[in-house]
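Reviewing the structure listed below.
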Ligand SMILES: Nc1ncnc2c1ncn2[C@@H]1O[C@H](COP(=O)(O)OP(=O)(O)OP(=O)(O)O)[C@@H](O)[C@H]1O
Ligand SMILES: [Mg+2]
């Protein structure tokens, strides 16, 4: 039972994990999050009062009045959250995510995701449930305190806890010590965890990840004169031969479609492309070595069919060797992470945690180099135990062949670690949701119940007390 005792009643705790691509929300003690939805919020322009709606609306997901933090102007804006709601064609709605460089950047949209999660995703009263929130492993004090204040003050939760993402993932894999290599959407991170604690000075991040792959694929398609026409644009299509010009008829709309809606819809096609086409070759890519490996075909929403041979491996190679294979001019295409419009390769920092506690814009660093740098930055005596559990998690790790290739690269890069082991769950949900699952296990342990920060502690000691409760 995942409960804690509050007012004599045992109530189930909730676990909330807001990533740059998806939000995962559910009940502690369960195997997977009950509600998973894009971390994207659409906002109507401020002159659209909550009761007005000039475009056809979906009614299956809840449309919510905008949250509290953004002030009066924003409060009157209608908001759109949830997979089905976001898929409805709309003019004039601004779709955007909440994170930038691995940290929450837009608190108003963050609240709207939480509002939606409580009201529609789980249909629970927040005031009745302790909440364990998964936070980025490098979450700075200011952001931790803001989260604490928000959940106690706005949602009135009876108890709150912040769990570092990497610690939760390590926990989900039953390994209190190891290197958590999380290949997410907006970035990848290598976070050493020792006995359940993050080694903050050794956290390394790279811009290589899911969004990076989307940008690379977008650039590849553009260079091959392939125009992405998302499904919403297509009224009908006919079957055509491989590589033949598509035969499709466009849908017409009374009002112009917002740029962000178009970008979001394109992002979904690109995601589908990445998930179904890309493949990591077993060793360093060269065109000859992959010449005999299988090709993959892909059909776009307008009916165009293409087949990719070597390029499906070359595009995946950008995860390991961005210096050689990535296109430095690839534009950012994801709306879910609030990446600057500058190219993914323009970042100037060294990709590590900055001393202020946040993250500077990470640089593209190959995954095995990222993991190696993080391990080598730890004390010599803990390197063997960290290297014996390189825990691979995050949606980006689902590119086929990735764990095997990573294992081969790490063995070459770290010959001194004789017991090197790459741990990657064979179940994709376990890798996708590892931090949520770790939080779910943690919050349901009997021994954890004394760890919560209670509402009373918050009222007596204030938001800064979170630093003492959740180290
Ligand atoms: N089968 C798949 N193959 C390749 N990539 C995938 C697959 N499934 C999901 N992804 C990618 O994984 C990414 C999402 O991963 P994840 O859910 O770990 O990110 P997040 O936690 O929301 O973001 P972040 O960690 O950057 O804050 C997306 O970029 C998505 O395209
Ligand atoms: Mg993540």
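Read-outs throughout are calculated quantities, based only on the coordinates presented, and are distinct from any laboratory measurement. Values in this document were obtained by computation on a predicted structure and should not be read as measured data. Every residue, glycine among them, receives a Cβ derived from its backbone with ideal geometry; neighbour counts consider all protein chains shown.
For the reader, a short list of remarks on this structure follows.
- Theoretical gain in end-to-end length, residue 227 to residue 381 [0.36 nm per residue, Cα-Cα removed]: 50.1 nm
- Full extension of the chain between residue 411 and residue 429 yields a length gain of 3.8 nm, computed as 0.36 nm times the residue separation minus the alpha carbon distance.
- Across all Cα atoms of the chain, the radius of gyration (one decimal) and Dmax (whole number) stand at 22.5, 70 Å.
- Value at 222 nm in deg cm²/dmol, rounded to 500, when DSSP H runs of n ≥ 4 in the chain each add -39,500 (n - 2.57): -8000 deg cm²/dmol
- The alpha-carbon atoms of segment 368-471, seen along their principal axes, cover 54, 33, 22 angstrom, with the largest extent given first.
- Cα Rg, Dmax (largest Cα-Cα span) when computed across segment 208-350, Å: 16.2, 52
- Looking at the chain, the DSSP beta bridges with both ends there are about 75 percent antiparallel.
- Residue order, fewest to most surrounding Cβ atoms within 10 angstrom, among 115, 182: 115, 182
- Listing 428, 454 from fewest to most neighbouring C-beta atoms within 10 Å gives 428, 454.
- Computing FRET efficiency as 1/(1 + (r/R0)^6) for residue 289 and residue 32, where r is the C-beta to C-beta distance and R0 is 45 Å, gives about 0.75.
- Segment residue 275-residue 404, length gained on full extension (0.36 nm per residue, minus Cα span): 44.7 nm
- Equivalent ellipsoid dimensions for segment 249-316 as semi-axes, Å, which come from the Cα gyration tensor, largest first: 33, 13, 7
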